[in-house]
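Starting off with a structure, shown below.
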Amino acid sequence: MAEPRYLILGGAGYFGARLAQALRADSAVTVTARRASVARTDWAQKSGISLVAYDSNDAAGFDFEGEFDAIINLAMPGAAEAGADAEAARTRGLATAQLCQRWLKEGRAGRLVHFSTFHVYGAGGRETYDEADLAAPTHPYGQAHLACEQLLADESRAFVLRPSNMVGCPAHADLGDQAKLLFLDLCRQAVSGEMRLGNDGLSYRDFLPFEDAIQAVRLLLKLESSDERLFNLAQGTATRLDEAARLIQAAALPQSVRMSFGNGSDAFRAPFCVNTTRLQKLGWKPLGSLEAEARNTIRFFT
């Protein structure tokens, strides 16, 4: 039998590259990148992955030959982009979602796994986050993602994932704006021997190791049928930021790393739980290790 063919839009980025590598073990993988670079090109060639250019500002000009068993859409504007220009972010996100929708309708893709975000639920303050809860994003980032969810809501072959903070060791060195993400920044700082968290460390995040997110994608790629098509993707239990920072500090051993905190804060000031029962009913079992991802990321930066 021919190996499955997957197209990962935005698949040369932080999580996308790790996902592409994992799927390449038993399938043909094509990834897109908004911009090429030496690091991304070398990574793709060494991994046996096809790398093509795609910019959602020119979505009408992007196409591909043949058919794919599935498309995985990670090509959404980031939070910083959305904050800087909300309407442009929404327009770009919808352009990519509409492309995916068209390919489904034309029979050129067997299914779609679309990555939305936990931030469609809005600012913090809830004790639990469930797919049946009202999505009420207040930031343009969440609003752009929700618009794409609504566009795909009636597509029977489209699965939507709402991930929390996915973290892990990068596949290559070109991380773009995502290099500023908290987990990556702290791991990079740990290599220098001194870590400083910009806030007071008393806020909470749900950190999900990449391996668990990859397992969820594999599950949806093979799923024969499901009454549900919208899923939270999270560890389930939030971790306080000072505890996460100390976990990274410990992962840097035997090197001694000093740590200090700032005085900033945000909306997620209390523990919360992201309900992942829907995904677990399909057979998803999160077994990834945040400690292992921290150790590997520190080695990567070293």
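The values are calculated or read from the model by the stated rules, or taken from the named source; none is laboratory data. A quick note: this is a predicted structure, and the numbers were derived from the prediction, not measured. Please note: Cβ atoms are built from the backbone with ideal geometry, for glycine as well, and neighbour counts cover all protein chains shown.
Just checking, how many residues over the range 144-178 are without any contact (Cβ under 8 Å) to a residue 60 or more places away in the chain and not charged (D, E, K, R)?
Number of matching residues: 7.
So, in the range 258-291, of the ones that are more than 14 Å from I214 (Cα to Cα) and of a type in the set (F, W, Y), which residue ends up surrounded by the fewest Cβ atoms within 10 Å (Cβ to Cβ)?
F261
Filter the range 263-291 down to residues that are in a helix (DSSP H, G or I) and within 18 Å of the chain's Cα centre (by Cα) and give me whichever is nearest to C169 (Cα to Cα).
Here the residue is L290.
Also, quick follow-up: Out of the residues in the range 216-249 meeting the condition of being surrounded by fewer than 19 Cβ atoms within 10 Å (Cβ to Cβ) and among the polar types (S, T, N, Q), tell me which one is farthest from A135 (Cα to Cα).
Per the criteria, the residue is S225.
Continuing with this model, one more query. Can you tell me how many residues in the range 16-31 are over 15 Å from the mean Cα position of the chain (by Cα) and polar (S, T, N, Q)?
First, the residues of the range 16-31 that are over 15 Å from the mean Cα position of the chain (by Cα): 23-30.
With polar (S, T, N, Q) added as a condition, the list becomes 27, 30.
Summing the residues that are over 15 Å from the mean Cα position of the chain (by Cα) and polar (S, T, N, Q) in the range 16-31 gives 2.
Please find, within the range 175-203, the residue that is surrounded by the most Cβ atoms within 10 Å (Cβ to Cβ) out of those that are of a type in the set (A, V, I, L, M) and more than 29 Å from M76 (Cα to Cα).
A190
How about the range 204-215: which of its residues are surrounded by fewer than 21 Cβ atoms within 10 Å (Cβ to Cβ) and either without any contact (Cβ under 8 Å) to a residue 40 or more places away in the chain or of a type in the set (A, V, I, L, M, F, W, C) (or both)?
Of everything in the range 204-215, just one residue is surrounded by fewer than 21 Cβ atoms within 10 Å (Cβ to Cβ) and either without any contact (Cβ under 8 Å) to a residue 40 or more places away in the chain or of a type in the set (A, V, I, L, M, F, W, C) (or both), namely I214.
Take D185 and decide whether it is of a type outside the set (S, T, N, Q) and part of a helix (DSSP H, G or I).
Yes: the conditions hold for D185.
Moving to a separate point now. Among all residue pairs at least 6 apart or on different chains, which show Cβ distances below 8 Å where the first residue, located in the range 33-44, is more than 24 Å from T96 (Cα to Cα) and the second is part of a helix (DSSP H, G or I) and at pLDDT 95 or above?
Close Cβ pairs (under 8 Å, with a partner that is part of a helix (DSSP H, G or I) and at pLDDT 95 or above) amount to W43/A17.
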